[in-house]
Every structure is written in structure tokens, then in C-alpha cells.
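The values are calculated or read from the model by the stated rules, or taken from the named source; none is laboratory data. Since we're looking at a predicted model, the values are computed, not measured. Using ideal geometry, Cβ is built from the backbone for each residue, glycine included, and neighbour counts are taken over all protein chains shown.
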2 protein chains.
Amino acid sequence: MEVKEALERLDALQKKMYAYQCAASSLYLDSVTVAPKNTAQGRGVALGILAGEEHKLFADPEVGKLLDFLEERSGELTFPQRRQVEELSRRWKQMSRIPTDEYMEYAQLTNEASDVWHKAKEQSDFASFRPVLEKLVAFNRKFAGYYDPDKAPYDALLNEYERGVDMAYLDKFFAAVRDKLVPVIRAIGEKEQPDDSFLYRYYPAQGQRKLSDYLMEVLDLDRGHCGIGETEHPFTLNFNNQDVRITTNYDEHNVASSMYSVIHEGGHARYELNIRDDIQYTCLAGGVSMGVHESQSRFYENLIGRSLPFIRAVFPKLQELFPEQLEGVNAEQFYRAVNKAQPSLIRIEADELTYCLHIMVRYEIEKQLIGGTLEVKDVPETWNRLYKEYLGVDVPDDAHGCLQDSHWSGGSFGYFPSYALGSAYGAQMLRNMEGEMDVWGPVSRGDLSQVSAWLKDKVHQYGGLLTPAQVVENACGPFDPTVYTDYLVKKYSELYQL
Amino acid sequence: MEVKEALERLDALQKKMYAYQCAASSLYLDSVTVAPKNTAQGRGVALGILAGEEHKLFADPEVGKLLDFLEERSGELTFPQRRQVEELSRRWKQMSRIPTDEYMEYAQLTNEASDVWHKAKEQSDFASFRPVLEKLVAFNRKFAGYYDPDKAPYDALLNEYERGVDMAYLDKFFAAVRDKLVPVIRAIGEKEQPDDSFLYRYYPAQGQRKLSDYLMEVLDLDRGHCGIGETEHPFTLNFNNQDVRITTNYDEHNVASSMYSVIHEGGHARYELNIRDDIQYTCLAGGVSMGVHESQSRFYENLIGRSLPFIRAVFPKLQELFPEQLEGVNAEQFYRAVNKAQPSLIRIEADELTYCLHIMVRYEIEKQLIGGTLEVKDVPETWNRLYKEYLGVDVPDDAHGCLQDSHWSGGSFGYFPSYALGSAYGAQMLRNMEGEMDVWGPVSRGDLSQVSAWLKDKVHQYGGLLTPAQVVENACGPFDPTVYTDYLVKKYSELYQL
């Protein structure tokens, strides 16, 4: 076999995997948007089979040989080709350990679980979700062994979301974050809170939809390539760098909820849309890791979106859309309201400062669940206990507790820490961005084009060409979480005059 | 190989094909509902590959051997198994003649064509659609040869939509229909037309959405298994008998447009939802032919939906939703308005009487296009000439002419005659239904459950278990188009007092 022919085969293989992923994404998107409620069964049959076909295609021993062949000739490959071979080899070793049957069964299970979780959350009924969650945990513990038999199961899962990250690393990271932030949170507890009641007036969905349109414009998201839909739980889905979808959820009694969802998901979308053309339809298309992805979404949401210059820029539009609701409110008051730091129940509505504590609850529970020291039946109790311990709040029911997030129902264990890591990466990126250019002048005029250009140049374009650590280092030097904690301490000390 | 093992393989094969069809359907549904405009390219790559995989899977010589093996042992098979083998053998012979490359290229082309057609229609710009249409015609002429090399190309295509139907058959059928209906249409031309101006008042989409909800309830379409969406061109899409979607399009200045679209597509949906469980995920799931499918949609739309008893039943709801628009209008006036017979430009808005003439225009053009006696560039001129000749109307532009339908852009040539055949099948079904039970009593009370039960029993449940001709014969004896023409002549003679 010639290298040229091998590369053509590699290319064809990756295009096929892209096609299977498109199919699964499309069926998933349908299932959470317009699909009638009682249709999960037939979709599960299809998803299971497609996953099985994809698995058989990729886990084929011939693919292993092809990858070995190319690895041995890596000197003849371009850098993107080498990275594809490297990444595919890693995945092939994992996948070829998973029996096709199990892979298909798991795909069917996650489809079914999504449905069960939705209903369980609606009725705050953990008992109905429990059997499915038990299966999901069991699968993930088993898959962890396939991913990396030498690692502790949860470490193996963490490594899937952020290459190189493990419990030892996160324990240290979270401890440092906790040490720095808990005193600030305590100090704020003694202070008077700003009035944020105007955020919770009646904001009709129709007006909020217009706000979404406006925000997508501000984020420079081309609607010809980026759609917006409505789902229970906001998310971003990418087919390729020409086709990305975000979703949001309109709470008519909370204008900040969808506003910051759109900016958050818009950040994910910006990343995907900015990835280079020459790696489309390969395993390197798409953001490199969940940590880096969340660094981008939370960069837009918090570092930009919850900054005073940004709020000054968009506030006139908010007032235009909601003149009565925001009567007598000014940009500074809005800024204080959306930055009110207060321990609360719902992660996606949490402020920047207490957000990490929400993640730590989930991290602790996942660590024990996957480690085998916590049973699924005890999740609600543990959840509620940890919320009391970390955040000081009483969880009234599971809908506002351990059923609030979709991640576990989608089979994602080890994802949550990415949010915290991403927040920390983002703070460091901002520090470097500020060193290199005038960030806040254009932002205060509602112009994010330079911010976006910097991120495209330093982060987005690479997709999976660089590893997560390389992306972070490339953008802002070796990772240093104190930049993040310093940023938060400074921001909240000013806000609350500590 | 044992028969048991062969049947398991057959079952697995059909489930895989179901999965590929789900994937393609989902991507298609997305493309015409929420997908951003400029995303056809990446979706085309995926659709092309999925079609290729499906084709390779099915056209495999091993599948041919499997089918031969089972055909030889058909004595050991159940009736549904025998029918599966029969149907798959027929398709396998066709598919194995189509090279995978061509099959993939065609799947990509139809995805792209849909996009091009939408834009061309929007701008009434046939020139921009022409190159794609030329390719589509060329592919269909070639594929016709693969389907059945012994038939004239258009006959081979017609046979795909309605087994056993060809040009000789349709020429006779259409001639008979024309002979009976044209004199009636002429006679009506001399008569005074009923006032239908109230149909074209302003009917906000929001109210029309509520009307759709109500009509779906009347048709007993369980929303947990049947969704409704909005698209340029209404259609029905079935994943399986638990998951069907219909779409409609709201014209705010024509209340009858979406109303009858919903009833029409609802008829398709009723068919799909009523198909037996034991043939799901096989090649026999889904309606047996386009002709039989259209017989059901047009049964609900016209025979029931445009009947006086039905309109009497639903009119109070219409008045409740649109009190101002329908002030001073009664059910009888509404009945006359939605049955106004008048040659017009748009097929899907045509009345029952002139509808067939719209089909004949398309039939003539397809016959010549696929036969090779008409060039694509001459389609608009021929279209306009035939509309003048058959319907006496002047086509103002291609958007209201040869660009109005989506069928050709989806690669469907030979589909249109199904509408006419279906209408005729339906009339015969109604005659027999009337002979066996009280149809109009329950309908006049808005109760369609008995109509639906009859159709389920005689037609729907079988899916592809019987051939189209068998379904028709099973429901109402040998096909006799004069029942249809007699029905129309009687209905319109009464309406217009001829």
C-alpha cells in the first residue's frame, strides 16, 4: 500500500464517521425539539443500529492496521494528517475494546434515558430516573476500563473530556479555588445585596426572541450558518463549521436566563464556526475538548457578557425591547443585578462566583458514583447534603436538585469539571488579550469583532489540531488557575466593596 | 444455512435499512424546517455517504443469495416473510444494477436540488433551477433503465409509484376522466359562482395553528405520536407507526389552504399510524404505494373534509376561532366556498373537480421529459401552454407555474399521477363504505372514528403486505374509475344545479 492510498482510505473513513455523527446529531436534535413525546422507541432502534454500524466501521482490525501503517510513515505526513492518525489511533484502541453489542446498547440507552429524564424532571420524580441512571453508571464504569484499563475509572472518564486531567489534578484545583473563593462568598453574605427584582418581572417570550436575534447579531453569528431553537435545556450542536445550532429556553419571569444562555451557547457556536476548513470532515473538526469549549462559552457569557462595558453597550436594546419592565433601571443597576452573588440551587442560573461550588457538588458525586463508593439510590440525599455544606442552601425537591442537569441522562460523567476548568482558562485568555490589545473600548461600543478575531487566531481555528493543553498554552502560556481566582476576587471585591 | 438463521439475517438487514432511512428522513426534516439556509453542503456530504452505505449494504451480492435462498424455501415462510422476500428481491434486482457512486451522487443531488428549488421558487427564477433539473431528469432516465430495462423509461418510473401502472393505462384513465369532467367544468363556467371572499380575509397564523390542533383532534391523531410542523410545502414523513410528522403552511389570507393541507396530510398520517406492528422495521412498513397513500389523504381532504356533513360539524369551531372573519357566514356558504370549481393556477389549492387537469399537465410534461421528447429548457413554455389548453388560465410567472411543486426537486418523476389514481380509489372506497355502514351520521357529529376504523381494517393495517391493486380490490372490488367520475359529476351538478 502506498501512503497516498492509505491517506485516501483514512479520509474516506473519517467522512463516513462524520456522516454517522450527522445522522445521530440530527435524530438527537429532532428528539429534543419537535419530536412527539412517545416516539423514543423507534428512534432508539435506529440510533442503536447507526451506532453499531459506526462502531463496526471504526473498530475494524483493518483500521488498526491502516493507522499503524501511517504511524510508521508519519515523516511523510503533513501536521494535520499526523494529528489525525495520532487521535484516531488513540480512539481506535479504546473503541476496539468495546464490543459492538455494548456500544449499540449504550446508544439506545442514552436515547431512552433522555426521555425518561425529561419526564422525571418534570415531575421531580427521581425514582423513575433511578433505574436508567443505574444502567448509565454501570456502563460508564465499564467503558472507563475500555478507555484506559490502567487508570481509575473516573480518571479515565475525565481524560475523555479533558486530556491529561485527573482527580489528583482536580482535587488540587478545586481546593485552591475553594480556599480563595469561600472567604469572598462569606464576606458578601454580610453585605447588602443589590436590587435585582426587575430581572424577574414578566418578559414575554416574543420579546426575548427578539433579544436573542439581537445578541446573535452582536456575537456576529451568521444566521445562514447558525440556527437557534428552543429546548428544555440549552445546548450547542455542530454538524460542521458551516452548520451550527444553538438552543435556549425562555423563562418569562427571568430575562437574564435566556439572555446569558444565548451568549453562552453563542460562544460555543463562535468556536465551531471559526474552525479551519482544511480539517472539516476529519476527527479534528470540532472543538478540541469540553474544557476549551467551555472556556469559550463562559468567556462570552461571563468575562464579556457580565462585564460593565458590554452591558452598557447592549442595555439600550434591552430597554427598547422591554421599556416597562426596565423603567427606571440603568445599565449599572443591570450590571449589579446580573452579577449578584448568592448561593442558589440551579447551576445554569448561578453567578460567576458561586458557580464553581455547583460544579464541585457534581464532581464529588461523580467521583464516588464512578468510583463505586456511592449508590445511585443515595444520589439525592448526597446532593442535598453537599448543597447544604458547600452553598448553604436547602434543596426543596429533586427537580431543583439532582435532576436539574441533562448531562448524566446523556451518559456524560466527567463533563462537569470542564465548566470550572474552562472558566479558569478563559480568565487567563482575557488577561493575555488585554495585554495585547484594547479589549474594552470596542466591547463598550458593542463591537466584539476584535475579541472574536483574537480568539479565532489563538484558539478557535485549530479545532483538534492542538491538544487542549497546547491550545491554552498557545493562547496564554502555562495554565495558572490563580489568574481566575484573582479575577473573581477583584471583580467581586469591587462589586461588593469588600 | 438454516431458514431460521436466514430469516434473522433478513431481519437484521431490514432493521439497518430502517435506520438509514430514519437518518435520511431526519436530516431531510431538519433541512426543510429549522436548518439555517446555507448549510446544504455539509448535509449533502453526509446524505451522500449514508445513501452509499445503505446501497452497499443492500446491493451486496450476499443479499441476493440470501433472498434467493429464502425464495426457494418460501413454503416454510409466513405470509409476511414471503412478501418481504418478494419485495426485497424486486428491489435488490434494481439496486444491484445501480452503481454505488451513482446512487451517492444522486442522494447529494436531491439534497442540493431542494435548496436550489426553494430559492428559485422564491425568486420565480426557472433559469437557476434548470441545470439541477436537467441532472435530475438525466438521472431518472438512467435509473429507469436500472429499475426495469424492458420498459419505456417513464413506465419504469410510474411502476415505482404504483405497481402495474403504465402510460397505456394512464392515457386511458385520464382520457376517461377528461371526457366526463370537461363538460361539467364548461357548464359551471356558464353558472354564477358562490361568494368565497370570506375565505381570503385576514386569518392570523396563531388562530390557524389552533385550528390545526383542533383538526388533528377530529382526525384522532395522537399528538404523542404525530407532530405538526411548518414548511414551505406541506408533507407527511413517517419514521414508523409510532412516529409520524405532518407539516403545513399558513397563508394568512386563505383559511382553507392550511385547513385542507392539515386534513390531507392528516389522512396520510392516519394511514401510517394504523399500520400493523408486526411489519414495523421491515420493507413492508409504510403505505404500500403513492396511489393508495393519496387515496387516503384525499379521502380525508375531499370526500370527508369537503362534504357538507363534515363542514357542519367543524364550522362552529371555525366561527369560534374566527368570529369576525366569518361573521354572517353559515356552514352551507362555507361548504359552497370550499367547493367552488374554477380553473386556477396552483395544484394544491385546486378544487376537487379541476384537480385532475393539474395532474394531467404534469403527466404530459413528465412523459415527454423522461421519454426524451421535451428538453428541460422548454418546460416553462410547455407548462404554460398546457395550462392554457387544459384549464384556460394564463400563467403569470414560473413560481405560479412549473416551479410550484417540490416533487421534481426531490427526484420524484411519476409521482403526480398517484394523486389522480388515489382520488379515484378513494371514491370507490367511499361507495363501499356507504354500503356497509352509516358514514354521514357520525361525520356530521364530528366523529370520524368509524370511518377511520373501516379504513384501518380494509386498507391501512396491511402496509405493504398486499400489493396496491390487492389493497384496492380488498377494500372495494376491482378498480373502476367511473365511480370517481360519477361521484364528481353528481356532487358538482348538485352544487351548481346543472
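If a residue has to be more than 7 Å from chain B (Cβ to nearest Cβ) and among the small types (Gly, Ala, Ser) to count, how many in the stretch A:8-21 make the cut?
At the first step, the residues of the stretch A:8-21 found to be more than 7 Å from chain B (Cβ to nearest Cβ) are A:8-14, A:17, A:20-21.
Imposing the further condition that a residue be among the small types (Gly, Ala, Ser) reduces the set to A:12.
Residues that pass the stated criteria total 1.
Here's the yes/no breakdown for (1) assigned to a loop (DSSP other than H, G, I, E, B); (2) surrounded by 14 or more Cβ atoms within 10 Å (Cβ to Cβ); (3) without any contact (Cβ under 8 Å) to a residue 24 or more places away in the chain; (4) not hydroxyl-bearing (Ser, Thr, Tyr):
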| site | (1), (2), (3), (4) |
| --- | --- |
| A:Gly446 | yes, yes, no, yes |
| A:Asp457 | no, no, yes, yes |
| A:Leu465 | yes, yes, no, yes |
| A:Val471 | no, yes, no, yes |
| A:Ala475 | no, yes, no, yes |
| A:Ser493 | no, no, no, no |
Looking at (1) under 21 Å from A:Arg336 (Cβ atoms); (2) surrounded by 23 or more Cβ atoms within 10 Å (Cβ to Cβ), find the lone condition where A:Ser257 falls short.
-> (2)
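Among the residues of the stretch A:386-422, what is the count of those that are closer than 30 Å to A:Gly145 by Cα and of a type outside the set (Gly, Ala, Ser)? Outline the logic, then answer.
Within the stretch A:386-422, the subset closer than 30 Å to A:Gly145 by Cα is A:386, A:401-422.
With the extra rule that they be of a type outside the set (Gly, Ala, Ser), the set shrinks to A:386, A:402-405, A:407-408, A:413, A:415-417, A:419, A:421.
Residues that pass the stated criteria total 13.
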Within the set of pairs 6 or more residues apart or between chains, which connect a residue that is under 19 Å from B:Leu448 (Cβ atoms) inside the stretch B:312-336 to a residue that is of a type in the set (Gly, Ala, Ser) with Cβ atoms less than 7 Å apart?
-> B:Arg312/B:Ala331; B:Arg312/B:Ser444; B:Ala313/B:Ser444; B:Ala313/B:Gly446; B:Val314/B:Gly446; B:Phe315/B:Ala331
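Which of the residues spanning the stretch B:195-210 are surrounded by 21 or more Cβ atoms within 10 Å (Cβ to Cβ) and in a helix (DSSP H, G or I)?
If the condition is that a residue be surrounded by 21 or more Cβ atoms within 10 Å (Cβ to Cβ) and in a helix (DSSP H, G or I), then B:Gln208 is the only one that fits.
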Filter the stretch A:437-478 down to residues that are farther than 22 Å from A:Glu160 by Cβ and among the hydroxyl-bearing types (Ser, Thr, Tyr) and give me whichever is nearest to the chain's Cα centre (by Cα).
-> A:Ser452
Give the residue, chosen from B:Glu252, B:Glu192, that is part of a loop (DSSP other than H, G, I, E, B), closer than 23 Å to B:Glu332 by Cα, more than 14 Å from chain A (Cβ to nearest Cβ) and within 25 Å of the chain's Cα centre (by Cα).
-> B:Glu252
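Of all the residues that make up the stretch A:477-488, how many are touching a helix residue (DSSP H, G or I) at 6+ places or on another chain (Cβ under 6 Å) and assigned to a helix (DSSP H, G or I)?
Pass one, the stretch A:477-488, residues touching a helix residue (DSSP H, G or I) at 6+ places or on another chain (Cβ under 6 Å): A:479, A:481, A:483-485, A:487.
Cutting the leftovers down to assigned to a helix (DSSP H, G or I) gives us A:483-485, A:487.
Looking only at that region, the number is 4.
Within the stretch B:177-218, how many residues turn out to be hydrophobic (A, V, I, L, M, F, W, C) and in contact with a strand residue (DSSP E or B) (Cβ under 9 Å, 6 or more places away or on another chain)? Before you say what the answer is, go through the steps one by one.
The initial filter retains those residues of the stretch B:177-218 that are hydrophobic (A, V, I, L, M, F, W, C), namely B:177, B:181-182, B:184-185, B:187-188, B:198-199, B:205, B:211, B:215-216, B:218.
Still in the list and also in contact with a strand residue (DSSP E or B) (Cβ under 9 Å, 6 or more places away or on another chain): B:205, B:216.
Residues in the stretch B:177-218 being hydrophobic (A, V, I, L, M, F, W, C) and in contact with a strand residue (DSSP E or B) (Cβ under 9 Å, 6 or more places away or on another chain): 2 in total.
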Selection from the stretch A:213-242 of residues that are farther than 28 Å from A:Pro442 by Cβ and either among the aromatic types (Phe, Trp, Tyr) or within 13 Å of chain B (Cβ to nearest Cβ) (or both) | A:Gly229, A:Glu230, A:Thr231, A:Phe235, A:Leu237, A:Phe239, A:Asn240
Are any residues in the stretch A:1-38 modelled with pLDDT of 95 or more and of a type in the set (Val, Ile, Thr), and if so, which ones?
-> A:Val3
Write out, first by first residue and then by second, each pair whose Cβ atoms fall under 6 Å of each other, whose residues are 6+ apart or on separate chains, and whose first residue, in the stretch A:22-43, is at the interface with chain B (Cβ under 7 Å from one of its Cβ atoms) while the second is acidic (Asp, Glu).
-> A:Ser26/B:Asp30; A:Thr39/B:Asp243; A:Gly42/B:Asp243
Sort out which residues of the stretch A:32-52 are surrounded by fewer than 22 Cβ atoms within 10 Å (Cβ to Cβ), polar (S, T, N, Q) and closer than 25 Å to B:Ala12 by Cα, and write them in order of number.
-> A:Asn38, A:Gln41
Residue list for the stretch B:183-223, restricted to those being free of Cβ contacts under 8 Å to residues at least 60 places away in the same chain and more than 30 Å from B:Asp115 (Cα to Cα) = B:Pro183, B:Arg186, B:Gly189, B:Glu190, B:Glu192, B:Ser197, B:Glu217, B:Leu221, B:Asp222
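I need a count of the residues in the stretch B:1-20 that are free of Cβ contacts under 8 Å to residues at least 40 places away in the same chain and either polar (S, T, N, Q) or out of contact with any Gly (no Cβ under 9 Å at 6 or more places or on another chain) (or both).
Quick first cut of the stretch B:1-20, residues free of Cβ contacts under 8 Å to residues at least 40 places away in the same chain only: B:2, B:4-5, B:8, B:12, B:19-20.
Those left that are additionally either polar (S, T, N, Q) or out of contact with any Gly (no Cβ under 9 Å at 6 or more places or on another chain) (or both): B:2, B:4-5, B:8, B:12, B:20.
Counting residues in the stretch B:1-20 that are free of Cβ contacts under 8 Å to residues at least 40 places away in the same chain and either polar (S, T, N, Q) or out of contact with any Gly (no Cβ under 9 Å at 6 or more places or on another chain) (or both) gives 6.
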